[in-house]
């Protein structure tokens, strides 16, 4: 199935929201939708209609139509299934299906449409997954909100404490028969007054005290001399202690307040991004081949979903180097969906495996990273995932659990770097007892997660294991998250050279290849 566009239009064919999944001009889509109402026959019960070039698959609402534009060679049964999913998405964001509601939630609908279809092909998603993807829940935002609320509560508590101190000071002065004092919370005691004469004024000598900071200029403030003053330079407020505790438990916290951490504080490991080539090593023509891997496996070992999204990006430093063609060697025998950029000469790529512009007189844009070729591959074959994880939890009679987790590198030609296997543990902050382990580990007590780390997994250490014990049940150790990066591509697509389109001479270029994990989990 190749889906050209998904649109919501009026009964007269006026488009309200339209998402094109292939290269189409605005006038083209408006013309197709304007002709659509004229093609619908009165009294017919069909939900599709065809012309010489496209097929309309539609579902009527009260005053609107949900219309899918597909090619005539597409599978009508898959088209109808996709249409039903689109029709269920609309009520999720619109209280009533009318023009006002559609306009008001246009961007939410477009985001949901993008989750249903990618590159013209339907994704294997349901309504609940679409809702989860579009919510974009952020753990960092929740941490920030919790810190802000804690700081607000502490500020209110300090304000109440100061008001109580002022009131106690005022009552003490009234009992002593002295004058009322309206000073700071540090207070002014009676011994600051000279007792030699009743007419003498209190001896209040301003003493400057300087507060220095690494990030702000020094501030000089006078305070009154006396023994009962409140210590203004006392370190360690409740907020700082809260932030210190977050950092010691492995949480990454934005530096919104000055925080000093001890030398023994442990830090949690975060996702390691792929290492980019330094600018000094990049040639005038630089090519970047990147693949993102999505894997979802069952805890028994079966693969529920395997997706690879790849792209080749080109960047030239100046227009003088822009009139080029990139040679690509595609040895991939699997059914991979390849798609070139609309400005790339597709016939040249099909016949000679060269990536070049349709207009050979026009150079590639300078100092811009341009995507020229992308591909997508899906599978459910367990033999195709790079790394398999087997978890063997064994419950003991005393309420504990002995866990053995092992990994195995399926493709021994790959070299996986910065491998992190995150295993959730039962709540309660129990520290697991580690037995045998290949590699290193870190226990994140805040997230109650055991992070098993291996710097490299290759042919020399293609399998390994970790054994630990902790109180819990067998189901407490899922989902297991896996993260790594590699310079070995998943799909057998390689850049073999760059040549000039002017004189067909070879052009010097630099190249980097990255395979990164978008999501890799055992549920």
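The values are calculated or read from the model by the stated rules, or taken from the named source; none is laboratory data. Fair warning: this is a prediction, and the values are worked out from it, not measured in the lab. Here the Cβ is made from the backbone with ideal geometry for all residues, glycine too, and neighbour counts use every protein chain on show.
Observations on the structure shown:
- Any hit, the range 334-342, residues being surrounded by 14 or more Cβ atoms within 10 Å (Cβ to Cβ), in contact with a helix residue (DSSP H, G or I) (Cβ under 7 Å, 6 or more places away or on another chain) and closer than 26 Å to residue 284 by Cβ: yes
- Filter result for residue 31 (modelled with pLDDT of 85 or more and on the phi > 0 side of the Ramachandran plot): no
- Qualifying residue in the range 352-371 (condition: loosely packed, with under 13 Cβ neighbours inside 10 Å, free of Cβ contacts under 8 Å to residues at least 24 places away in the same chain and not assigned by TED's automatic domain parsing to the domain that holds residue 503): no
- Residues of the range 279-307 that turn out to be more than 27 Å from residue 482 (Cα to Cα) and free of Cβ contacts under 8 Å to residues at least 60 places away in the same chain, as a count: 2
- Among the candidates 482, 470, 517, residue that is assigned by TED's automatic domain parsing to the domain that holds residue 311 and either under 22 Å from residue 424 (Cα atoms) or buried (at least 19 other Cβ atoms within 10 Å of the Cβ) (or both): 517
- Tally of residues being modelled with pLDDT under 90 and closer than 19 Å to residue 465 by Cβ across the range 401-431: 1
- The residue list 301, 268, 250, 236 contains one member that is modelled with pLDDT under 90, farther than 30 Å from residue 406 by Cβ and either touching a strand residue (DSSP E or B) at 6+ places or on another chain (Cβ under 9 Å) or not in a strand (DSSP E or B) (or both), which is 236.
- Qualifying positions in the range 490-514 - farther than 25 Å from residue 317 by Cβ and surrounded by 13 or more Cβ atoms within 10 Å (Cβ to Cβ): 490, 491
- Filtering 428, 439 for residues that are buried (at least 17 other Cβ atoms within 10 Å of the Cβ) and at positive phi leaves a single hit, 439.
- Screening residue 504 against (1) assigned to a strand (DSSP E or B); (2) more than 21 Å from residue 408 (Cα to Cα) leaves a single unmet condition, (1).
- Every residue from the range 120-147 that is exposed (fewer than 11 other Cβ atoms within 10 Å of the Cβ) and in a helix (DSSP H, G or I): 128, 135, 139, 141, 142
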